[in-house]
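This report concerns only the one structure given below.
Values quoted throughout were computed directly from the atomic coordinates according to the rules given, and no laboratory measurement underlies them. If you're wondering where the values come from, they're calculated on a predicted model, not measured in any experiment. As a convention, Cβ positions derive from the backbone with ideal geometry for all residues, glycine included, and neighbour counts pool all protein chains shown.
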Amino acid sequence: MATQQLTTSNQPHMVLRCRDEDAGLCAVIVIDDTTLGPGLGGVRHAVYADESEALTECLRLAAAMTRKNAVAQLPYGGAKSVVLARRGADRPRLMRRFGEFVAQTHGQYLPGVDMGTTVDDLALIGSSGATVTCAGTDPSPATALGVWAAVRAAVAHLDGRETLDGVRVLVQGVGHVGSSLARLLADDGARVMLADVDAERSRSLADELGGSTVAAEVAASTPCDVLVPCAVARLVTPTNVAALACRMLVPAANDTLSDAGCATMLAQRDILYVPDFVANAGGVVAIHADQGGWAPERLRNELLRIGDRVGDILAEGDALGSLPLAVAEDHAARRIAAGREVAAV
Ligand code: NAI
């Protein structure tokens with residue numbers, strides 16, 4: 001076993017490398033900021049070329065969680081962890097061993113589900129003494145409801161329409177979030193188009209919902225009104241912005257833009273970009289509700305408020321002549337600065 005812990009006064013607050021060759025574990029935990037509370041963020045289990053690539057992704061995702069929790073007015077900082085997927089690993093052992101590292105943060109890192117992990121994994125992580133979220137409840141349906149509200153807000157802002165009747169919405173990735181979202185969109189009258197690297201998964205859901213499918217590799221360049229990435233990070237890069245064929249981009253996926261300059265490029269192409277960390281906050285809201293024992297009605301209302309927040313940010317962006325991303329980042333920065341002032345008193 002080897003553990004290296006770095007604590008800095010600048011971001012990130014903490015980086016914890018987690019290695020145990022016997023258990024097949026190679027992972028990294030990044031706590032980006034704890035000004036507003038313990039760092040809340042999911043555990044990603046995915047294939048990476050090496051630990052360095054995983055660390056780079058984890059740093060970016062943890063910073064996005066700081067912004068997400070701040071804009072959503074939640075009492076949490078931002079964090080994330082990434083477990084490198086390895087063929088043949090004993091998953092229960094891997095997750096339990098990872099949980100021992102999480103426990104070393106003494107509650108400063110609150111893990112939840114993310115791409116490639118389930119509530120069962122979180123229960124295993126928690127069984128090692130770590131404080132976890134999502135061990136009993138999957139927040140993905142809540143994330144989907146918030147994204148649905150965000151899609152509605154974007155359509156209302158751009159087209160002045162109150163419903164999604166006939167709106168072409170392409171969902172890229174129909175896993176936990178994407179499948180729930182597709183159902184909400186179809187119920188709302190949208191023309192649902194689905195893409196997944198697991199073509200059978202998208203095909204069977206499209207059949208169920210009366211939608212259509214699109215090959216995963218052309219999802220971003222397929223004409224539609226709204227593109228909703230629900231899979232991997234950094235779907236949009238400076239080199240592919242020109243190929244996008246949507247009018248609105250409303251991500252459930254975290255860290256959709258490979259760099260902030262993409263937001264300007266999207267605006268130049270008249271593509272309305274709703275910042276991912278605003279649209280996809282439903283999961284963290286649900287986690288907070290779970291911790292606080294909220295009634296279902298209160299949770300639902302809070303999730304729908306994500307749509308109001310998106311509408312406000314888009315309107316403020318128009319009024320100021322600013323990108324929605326800049327407005328949302330400013331909201332996050334101001335809330336964190338206010339938190340620092342309170343902490344300093
Ligand atoms: P998941 O692992 O359940 O589903 C991901 C789906 O995307 C799978 O069906 C997979 O086959 C598909 N996929 C992977 N690569 C793809 C590609 N290149 N093209 C098309 N499809 C691809 O993950 P989950 O939980 O649904 O999360 C999806 C995204 O939403 C992730 O980026 C995650 O970080 C983000 N997110 C999830 C939240 C949650 O509550 N689960 C909360 C906030 C964000």
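Summary table below
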item: Among CYS26, PHE101, CYS134 - extreme Cα towards positive end, dipole of the chain, charges at beta-carbon; result: PHE101
item: Between 0 and 90°, nearest 10: helix 51-71 axis offset from the chain longest Cα axis; result: 60
item: Two-decimal ratio, segment 243-345, of alpha-carbon radius of gyration to 2.2 N^0.38 Å; result: 1.22
item: Cα-derived Rg to Rh of segment 90-136, Kirkwood definition; result: 0.92
item: Loop-resident sites, segment 246-345, for trypsin sites (Lys or Arg not before Pro), counting at most 16 other Cβ within 10 Å (DSSP); result: ARG269
item: Extension reserve of the ASP159-ASP187 stretch, reckoned as 0.36 nm per residue once the Cα distance is removed; result: 8.1 nm
item: Spherically averaged projected area of segment 138-217 from its Cα convex hull (nm²); result: 5.0
item: Stretch gain in nm, segment GLN73-VAL47, where the contour uses 0.36 nm per residue and the Cα spacing is subtracted; result: 6.1 nm
item: Values of log10 I(q)/I(0), in the order q = 0.24, 0.25 Å⁻¹, for segment 138-177 under a Debye, Cα-only, solvent-free model; result: -0.85, -0.89
item: Principal axis box of segment 49-129, alpha-carbon based, largest edge first, Å; result: 39, 30, 21
item: Modelled FRET efficiency - R0 22 Å, ALA242 with GLU217, Cβ distances, 0.05 increments; result: 0.85
item: Listed residues GLN268, GLN108, GLN73, most fluctuating in the chain (Gaussian network, C-alpha, under 10 Å); result: GLN268
item: FRET efficiency for VAL345 and ASP308, using Cβ-Cβ distance with R0 set to 30 Å, rounded to 0.05; result: 0.45
item: Alpha-carbon Rg/Rh ratio, for segment 132-287, with Rh computed the Kirkwood way; result: 0.94
item: Efficiency of FRET from Cβ geometry, ALA315 and THR118, R₀ 30 Å, rounded to 0.05; result: 0.20
item: Peptides 44-57, 173-186 ordered by average Cβ neighbours within 10 Å, highest first; result: 173-186, 44-57
item: √(5λ) per eigenvalue of the Cα gyration tensor, the chain, largest first, Å; result: 31, 23, 19
item: Sorted largest first, extent of segment 1-160 alpha carbons per principal axis (Å); result: 58, 36, 30
